[in-house]
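Below: one structure, written as structure tokens.
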Amino acid sequence: MTPFFSVVVSVYNKAHFVKKTIKSILNQSFRDFELIIIDDGSTDNSLEILQTIKDDRISIYTTKNQGVSKARNYGLNKANCNHIALCDGDDIWLENHLLELKTLIENYPDCGIYATAYEKHFFNNYITKPKFNNVDHPFFGIVEDYFMTSLSDNILWTSSVAIPKSIINNDFQFDENLGWGEDTDLWIRIANNYNVAFSSTSTAHKMIHSEENHLSLTKNIPNLMLMISKHIEEEKKNPSLKAFIDTNRFMIAMEAKLRHDFNNYKKVKNDINLKNLNSWRRLLLYLPTNVLIFLKHLKFYLLKKKLYRSPL
């Protein structure tokens, strides 16, 4: 009998984390799932560690390193079940994660994507909760406006979502031409066409191990600009989407300025409707580079001292 979930995990050089990740998946209270692991050409001993984990639900596939989008899509196409839950190779699920997703699916069967809330774990010693707009806790249901809800933090995060196989088969997979921002692009495309169901119960941990892991939004500014360019026509017709994309433009502009990439900074900044940014972000947009660098260092200092509260 086909299980309820296919769980797809993509792994690239996660030797220090992947065993704990896989154990958190195998320890789910809801156990009716297959686990598909794609090792995307790891050059450390990630694959060897994976092969030591014995469970009949596990299938391991290896590919040459072609990037996370191709690895995830490879796993999506190997999935046998009607619903596919995603997890990255260094994040952690609480034992109720799949059960909470299953309950969402059973109560709202016609949605394009399902998600639970999550916690951010910085440097293994500090925990913060994301800020979602227009969603009170407890919340369990269909989000009225995904884009407005995700202006501060995104309610859709790769390691906390499940997607029906029928949606994936309807050409909703990760864009393999994007080297960065492929997840945001997929969420936009799904949310533009389907309802988003969300539970405010936190069932997963977003593990942030270093300053360059997750905290730096863009290692590849051109890819993020390409991702945004895919949705220019749609945002003209959807003010909520415009606000959401302008928030992403703001983050790209900040990263470009920090990297002294002033040409891309100006290109992205000029496309932002400043009314879509709060007063703090409008101020940051025009601060000198040396001040932004100081604030970024301050952010990491506060994180390590467990004093950080809101994103800079």
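The values are calculated or read from the model by the stated rules, or taken from the named source; none is laboratory data. This structure is a prediction, so every number in the text was calculated from the model and none was measured. As a convention, Cβ positions derive from the backbone with ideal geometry for all residues, glycine included, and neighbour counts pool all protein chains shown.
Within the bounds of segment 242-254, is there any residue that is loosely packed, with under 14 Cβ neighbours inside 10 Å and modelled with pLDDT under 95? No, that holds for no residue. Those strands (runs of 3 or more DSSP E) of segment 103-176 in which at least 3 residues are buried (at least 19 other Cβ atoms within 10 Å of the Cβ) and either touching a residue at least 60 places away in the same chain (Cβ under 8 Å) or not acidic (D, E) (or both), considering only elements entirely within it, cover 113-122, 161-164. Just one of the numbered conditions (1) of a type in the set (V, I, T); (2) more than 30 Å from K20 (Cα to Cα); (3) modelled with pLDDT under 95 is not true of I142: (3). Summed over segment 33-50, residues that are surrounded by 13 or more Cβ atoms within 10 Å (Cβ to Cβ) and assigned to a helix (DSSP H, G or I) total 4. Residues in segment 54-81 that are within 20 Å of the chain's Cα centre (by Cα) and of a type in the set (D, E, K, R) were compared, and the one that is farthest from S159 (Cα to Cα) is K70.
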